[in-house]
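These notes are about the structure you will find just below.
The values are calculated or read from the model by the stated rules, or taken from the named source; none is laboratory data. All of these numbers come straight from a predicted model, not from anything done at the bench. Cβ atoms come from the backbone with ideal geometry, glycine included; neighbour counts cover every protein chain shown.
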Amino acid sequence: MDNLAKATPIIAIAALVCGLVGLILGIIAFQKASQLDDISGIKDANSVISESIAGLQEEISGFSKKYATNAVIRDIANQTTEGFNQFSEQLTKIRTQSRADTIRIAELESRIPGGRTVRSSPSSSTTAPVSSSSESSAGVIASVPAGGTEYVIQSGDTFGKIAKNFGMSLDKLLTANPGVQPRYLSVGQKIVIPD
């Protein structure tokens with residue numbers, strides 16, 4: 001009983017430290033996500049956080065085995081698992097917002113004054129009529145509107161700039177190119193410009 005009384009402050013301090021580390025790691029992960037880092041960066045951060053949490057779980061488990069009963073061990077493990085599950089849910093919500101953030105960035109980029117403006121005409125070498133479908137380096141583009149044109153991505157192009165140059169909404173351009181990732185355009189990639 002004396003060992004349990006002596007261990008209680010140590011376990012409480014360890015739990016507090018774990019909570020603070022979890023909070024700090026959560027804040028760091030949120031800041032990275034709010035700055036629209038690549039999804040791979042978020043996955044890497046998630047992996048590092050998972051490893052840190054696993055390490056903390058091992059340390060807590062070691063303290064618990066030395067100074068507490070099995071009930072305390074299970075309680076701490078359940079709290080840690082619950083905290084990790086909440087963090088995973090938040091990360092999932094951030095990922096689902098990624099597309100909306102990408103659209104917003106493209107809209108903002110299209111409003112930047114002095115940006116590169118390239119208008120392509122149907123006679124230009126970068127556009128060609130499209131009949132019913134087209135392939136891009138990002139995948140197959142389905143249901144191309146009749147009379148649409150194919151546009152070849154140039155250096156500095158963004159979906160926002162292209163939509164502005166062709167006088168259409170960004171949403172219309174995204175809808176015409178469902179298989180294309182707007183943040184990962186590459187020079188020479190083909191997209192569809194709907195009428």
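For segment 149-195: of the residues being crowded, with 19+ Cβ neighbours inside 10 Å and of a type in the set (Gly, Ala, Ser), which is nearest to ILE103 (Cα to Cα)?
For segment 149-195, the residue satisfying everything is GLY160.
For segment 91-103, which residues satisfy the criterion of being surrounded by 13 or more Cβ atoms within 10 Å (Cβ to Cβ) and either farther than 18 Å from VAL48 by Cβ or among the polar types (S, T, N, Q) (or both)?
GLN97, SER98, ARG99, ASP101, THR102, ILE103
Would segment 167-187 turn up any residue that is at pLDDT 90 or above and touching a strand residue (DSSP E or B) at 6+ places or on another chain (Cβ under 7 Å)?
No, there is no match, as no residue in segment 167-187 is at pLDDT 90 or above and touching a strand residue (DSSP E or B) at 6+ places or on another chain (Cβ under 7 Å).
Take segment 51-107 and flag every residue that is of a type in the set (Gly, Ala, Ser), over 17 Å from the mean Cα position of the chain (by Cα) and modelled with pLDDT of 80 or more.
SER52, ALA54, GLY55, ALA77, GLY83, listed by residue number.
Somewhere in segment 108-128, is a residue modelled with pLDDT under 90 and closer than 30 Å to GLY26 by Cα?
Yes, the conditions are met somewhere in segment 108-128.
Restricting the first residue to segment 163-179 and requiring it to be touching a residue at least 60 places away in the same chain (Cβ under 8 Å) and under 13 Å from ARG111 (Cα atoms), which pairs with a second residue that is surrounded by fewer than 20 Cβ atoms within 10 Å (Cβ to Cβ) and of a type outside the set (S, T, N, Q) meet a Cβ separation below 8 Å and a spacing of at least six or different chains?
Qualifying pairs under 8 Å: LEU170/ILE103; LEU170/GLU107.
On the basis of being surrounded by 11 or more Cβ atoms within 10 Å (Cβ to Cβ) and at pLDDT 80 or above, does ALA33 make the cut?
no
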